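Trainee: Structure incoming, see below.
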Amino acid sequence: FANPPDTGDVTSDLVALLTELMASANLIGLSIVGVVLAEEPEHPELLARWRAAVGSAALQAVDAIIQRGRERGQVRRNLQSGLIADLIVGAYLAHYAHEGQPDTKWAKQIVETLRPALTSR
């Protein structure tokens, strides 16, 4: 996520980022997340490293997208980018756990559902 999408539209950027996340997770597999979480009691340093690398990258990418959206007047000024990251990543993890890998249309549905929260005053 070193170069977050920049289409000129915050919702398109979030859809592209979520789609990229889904593709990466599909390629690598999500079982690694389970392993890291399962090992937390005995090896908390694994989760700390995971958060510093993977978690931080996702947060930074969403933050960059939200910041550009603020500058363009596309999102409200007080929008918390970390909360948006939690909502889109959390939605993905929940969908994967309940139903498996979502299709490509799903990312757009998630971001469109969040659109009112991004722009409401």
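Trainee: Quickly run through segment 75-121 and pick out the residues that are touching a residue at least 40 places away in the same chain (Cβ under 8 Å) and open to solvent by 50 Å² or more (accessible area, probe 1.4 Å).
Mentor: Arg76, Leu93, Tyr96, Gln101, Thr104, Lys108, Glu112, Arg115, Thr119, Ser120, Arg121
Trainee: Which of the following residues is out of contact with any Gly (no Cβ under 6 Å at 6 or more places or on another chain), at pLDDT 95 or above and among the hydrophobic types (A, V, I, L, M, F, W, C): Val54, Val62, Val89? Show your work before the answer.
Mentor: Working: Val54 fails: at pLDDT 95 or above; Val89 fails: at pLDDT 95 or above.
Exactly one residue qualifies, and that residue is Val62.
Trainee: Mind checking which residues of segment 1-38 are open to solvent by 70 Å² or more (accessible area, probe 1.4 Å), assigned to a loop (DSSP other than H, G, I, E, B) and not hydroxyl-bearing (Ser, Thr, Tyr)?
Mentor: Ala2, Asn3, Asp6
Trainee: Report the residue count in segment 83-118 for those that are touching a helix residue (DSSP H, G or I) at 6+ places or on another chain (Cβ under 9 Å), polar (S, T, N, Q) and in a helix (DSSP H, G or I).
Mentor: 2
Trainee: Looking at Gly34, Gly82, which is the one that is out of contact with any Asp or Glu (no Cβ under 6 Å at 6 or more places or on another chain) and modelled with pLDDT of 90 or more? Explain how you work it out, then say what you get.
Mentor: Details: Gly34 fails: modelled with pLDDT of 90 or more.
It is Gly82.
The values are calculated or read from the model by the stated rules, or taken from the named source; none is laboratory data. All values reported here derive from a predicted model rather than from experimental measurement. Positions of Cβ are backbone-derived with ideal geometry, glycine not excepted, and every protein chain shown enters the neighbour counts. Quick note on the areas: whole protein, heavy atoms, side chains included, nothing else; ligands and nucleic acids left out. Shrake-Rupley method; radii C 1.70, N 1.55, O 1.52, S 1.80 Å.
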